[in-house]
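Just below is one structure, and these are the notes that go with it.
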Amino acid sequence: MYLVFDIGGTNMRIAVSSDGKTLTATKTILTPKDFNQGIQHLKQAADELSQGQKIQAIAGGVAVVFDGQRQTLIKSAHLPNWVGKPLLVELKRMFDCPIFLQNEAALEGLGEAVLGSGKDKKLVVLITVGTGVGGVKIVNGRFDDNLLGFEPGHQIIVPDGEECTCGGKGHLEAYVGGSYLEKRYGQKAKNIKDPQIWDRIAKYLAIGLYNSSVHWSPEVIILGGSVVKSIPLESVRNYLQEFSTIFPQMPELKLVTLGDEAGLIGALEYLKQQM
């Protein structure tokens, strides 16, 4: 039995796989803000889903920046009480098996690149816009080389602009992320109906996608996350093309196709690559 998980700023998704290829059973709970409570909930869900069977290996993603060895959580805009905690050590103590950790948006991107909207593409970028903004670059079905991961949500799009939870200013996440939109407009993103607001958000997102395009030059950019469901995609495409002055065309824009299970499917793929 294999265990995979996807811990975001709002929800924690846990699943088991009996064959290492498909998800056998899944469970979703709210992500505890406290680290110790979070790993206890993870253990309880794993015991429930595996029905007492031995966990042979684990792969999972968390909405944080890891250290270079993927052992300790060193920065998170949405899970500050998890920062500095030795997640890998605690999981090994609980499960006593091989464990492989990654950023949660990275695993979502891997799932989409291998089995979703990026299937059969060599160069894939995923940008997920939910509570915050994450992303990853996938090359030939594997993570592109990096030291501490990818954080496109923390690119600066407005110098000295809106304050981001991470401590910076003018970051993309502070203009399109769900927690920031709720703070600014007093309601959850899905309840915002003003088309002018959404056009402005689409423009900010297009600025971020343009930057990712000229930095990474992907074939396709895949958009996911709860907030993307409300953003007018055609407006994003139009702004992106308007901004493009160096390349003859921008990458193809697609939406995720694996839904909420993308990170879990990506974790299974990552586990297969590591084993």
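Restricting to region 109-128, name every residue that is buried (at least 24 other Cβ atoms within 10 Å of the Cβ) and over 21 Å from Ser217 (Cβ atoms).
Within region 109-128, the first condition is being buried (at least 24 other Cβ atoms within 10 Å of the Cβ), and the residues that meet it are 109-113, 116, 118, 124-128.
Within region 109-128, just Gly111 meets the criteria.
Do we find that Leu87 is closer than 25 Å to Cys166 by Cα and touching a helix residue (DSSP H, G or I) at 6+ places or on another chain (Cβ under 7 Å) in this structure?
Details: closer than 25 Å to Cys166 by Cα: yes; touching a helix residue (DSSP H, G or I) at 6+ places or on another chain (Cβ under 7 Å): no.
Judged against the criteria, Leu87 is not a match.
Could you tell me whether region 40-61 includes any residue that is buried (at least 16 other Cβ atoms within 10 Å of the Cβ), under 26 Å from Gly178 (Cα atoms) and in contact (Cβ under 8 Å) with a residue 60 or more places away in the chain?
yes
Please tell me if Asp6 is at positive phi, out of contact with any Phe, Trp or Tyr (no Cβ under 9 Å at 6 or more places or on another chain) and at pLDDT 90 or above. Spell out the reasoning first.
Working: at positive phi: no; out of contact with any Phe, Trp or Tyr (no Cβ under 9 Å at 6 or more places or on another chain): yes; at pLDDT 90 or above: yes.
So Asp6 does not fit the description; no.
If Gln71 satisfies all but one of (1) part of a loop (DSSP other than H, G, I, E, B); (2) at pLDDT 90 or above, what's the number of the condition it fails?
Among (1) part of a loop (DSSP other than H, G, I, E, B); (2) at pLDDT 90 or above, Gln71 violates only (2).
Identify, from the list Val16, Val89, Val114, the residue that is under 14 Å from Leu268 (Cβ atoms), assigned to a helix (DSSP H, G or I) and out of contact with any Cys (no Cβ under 6 Å at 6 or more places or on another chain). So that I can check it myself, show each step before the final result.
Values: Val16 fails: assigned to a helix (DSSP H, G or I); Val89 fails: under 14 Å from Leu268 (Cβ atoms).
Being under 14 Å from Leu268 (Cβ atoms), assigned to a helix (DSSP H, G or I) and out of contact with any Cys (no Cβ under 6 Å at 6 or more places or on another chain) holds for just one of Val16, Val89, Val114, which is Val114.
The values are calculated or read from the model by the stated rules, or taken from the named source; none is laboratory data. Predicted, not measured: the structure shown is a model, and the values here were computed from it. Note: ideal-geometry Cβ built from the backbone for every residue, glycine included; neighbour counts use all protein chains shown.
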